[in-house]
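Trainee: Below you'll find the structure I mean.
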Amino acid sequence: MNYGEELRREIMSEGTTPLIGVFDMFSASVAAQHYNGLFVSGFGFAASHYGLPDIGFIAWPDIVAFVQRLRLAFPGRHLLVDIDDGYVDPEVACHVIEQLELIGASGVILEDQQRPRRCGHVDGKRILPLPEYLDKLDMVLRTRRDLVVVARTDAGEEDEVLARAEALARTDADVVLVDGVRSVEQIRRVRTVIGDKPLLFNQIAGGKSPRISLPELTELGVNVAIYSTPCLFAAQSAMEEAIVRLKRDDGRLPEHTAGSVGVRESLALLERNISRNHPRPELAGSSPDPRPGGRWRHVTRGRGPMRTISATLARLHIDPYIAAILCSVGIAAVFPAAAPSPRAWTARARSRSPCCSSSTVRGCAPWRRWTGSGTGACTRRSRPSRSSSSPYWGSPARR
């Protein structure tokens, strides 16, 4: 599935697209029963994963790992991811964009705050100079292939809000978000200055923005609405109520009734997330790739455990270079006789065809051992023949 294009198509359809903020796999399991789009909220993730406020504690590997788990459990849902300020450095922002796109995120939100950052609906926010933010945004836009990018401003003064919204609308960002909008009139003014660019509205309980229904947002020209924290705040209230009641009743659990949740109801919800219960995705072409056959063309190569491991890694949307290393380690550990010796590996590396790319990554030994060619795209040389004692690698047996 082309996740970015699917979300883009949904945004451009009639009406306002709702995306529900989730903070962990369980809240996502509940929200996915009722809505087609999920929003990975920075506020919720910081609270759930770290037990800390959303002021810059989130590390990008943690958010990437969370999104990967979400995509495995919900292959058919839109996933919009809050990446804050891109984790400070533009290079880091671009690296995160690459990772999220590889694992199947639909889109990201990139804000113009500077550290120390704050939730968009509290006071004390500091914003980057507009040229600096536009440079970072431009790098992200040139890095993404199909990912939906939402350009967000946290400006507070009315003139600055409108000036930044207009500047963001002139970029190649797919959507504009002005966070902390204070009134319906301000939404109308933002809608006017950004022209035909899609507009996103963020509302959070107890925040600065007014409570507006989806039909009302559609009339205002809003294309997307994110609800950052309904699951988180509902969980906090419900858990507080349940614990207070348990303490009041001296540890006696309430009676399980038809409308309450128990073991059976909870398991029924979670069992839907098991991968074998989902339609099997296409292994080839799961993400855009200019090479014939797509990024995972090579999963059809190999035999036995090689094919099994490579197919599994493809389903997990693991980056091919990382997959090559993981697969080589796995095969060497389980089938040592099938793994090539260092001498054979070196000989294989030196036999690269001149027609192949000299890319540092795709020209490396693990990649050549994985694909059987210099870059995974070379078609002008035949693969080395497999020896009977080394059926998985197609290289000389270990001496």
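Trainee: Treat the count of other C-beta atoms within 10 Å as a stand-in for reagent exposure and order 7, 267 from fewest to most.
Mentor: With the fewest neighbours first, 7, 267 line up as 267, 7.
Trainee: Could you name the lysines whose alpha carbon sits less than 30 Å from that of residue 208, not counting residues in the same chain fewer than 8 places away?
Mentor: Counting by Cα, and skipping residues close in sequence, residue 208 has these lysines nearby: 125, 136, 197.
Trainee: Compute log10 of I(q)/I(0) for the range 3-235 with the Debye formula, placing one identical point scatterer on every Cα and leaving out solvent, at q = 0.11, 0.13, 0.18 Å⁻¹, to two decimals.
Mentor: Here the Debye-derived log intensity ratios amount to -0.47, -0.69, -1.52.
Trainee: Quick check on packing: order 253-263, 92-102 by the mean number of other C-beta atoms within 10 Å, highest mean leading.
Mentor: Values: 253-263: 8.4, 92-102: 20.0.
My ranking of the peptides, most packed first, is 92-102, 253-263.
Trainee: Work the Kirkwood hydrodynamic radius out for the range 1-115: mean of 1/r over every pair of different alpha-carbon atoms, inverted, in Å.
Mentor: Result for the range 1-115, one decimal place: 14.3 Å.
Trainee: Charges at C-beta only: +1 for Lys and Arg, -1 for Asp and Glu. How large is the resulting dipole of the range 3-235 about its Cα centre, in Debye rounded to 20? Let's see the in-between values first.
Mentor: Numbers: 24 positive and 34 negative charges, 85 e Å.
Value, rounded to 20: 400 debye.
Trainee: Which of rounded, prolate or oblate describes the range 174-288 when judged by the alpha-carbon gyration tensor and an a/c cut-off of 1.5?
Mentor: The shape class here is oblate.
Trainee: Give me the extension gain from residue 172 to residue 25: residue separation times 0.36 nm, minus the current Cα-Cα distance, reported in nm with one decimal.
Mentor: Contour length minus Cα-Cα distance gives 49.7 nm.
Trainee: Now for a separate question. Ranking request for peptides 239-251, 29-41, 131-143: highest mean number of other beta-carbon atoms within 10 Å first, then the rest in descending order.
Mentor: 29-41, 131-143, 239-251
Trainee: Further, regarding this structure: Are there GluC sites (Glu not before Pro) in the range 1-63 that DSSP puts in a loop and that have at most 10 other Cβ atoms within 10 Å, and which ones?
Mentor: Qualifying residues, ordered by number: 14.
Trainee: Percent antiparallel among DSSP beta bridges with both residues in the range 3-235, to the nearest 5?
Mentor: In the range 3-235, approximately 5 percent of DSSP beta bridges are antiparallel ones.
FYI, it's all coordinate maths here, none of it is from the lab. Since the model is a prediction, treat every value here as computed from it, not as a measurement. Neighbour counts are summed over all protein chains in view; Cβ atoms, including those assigned to glycine, are modelled from backbone coordinates with ideal geometry.
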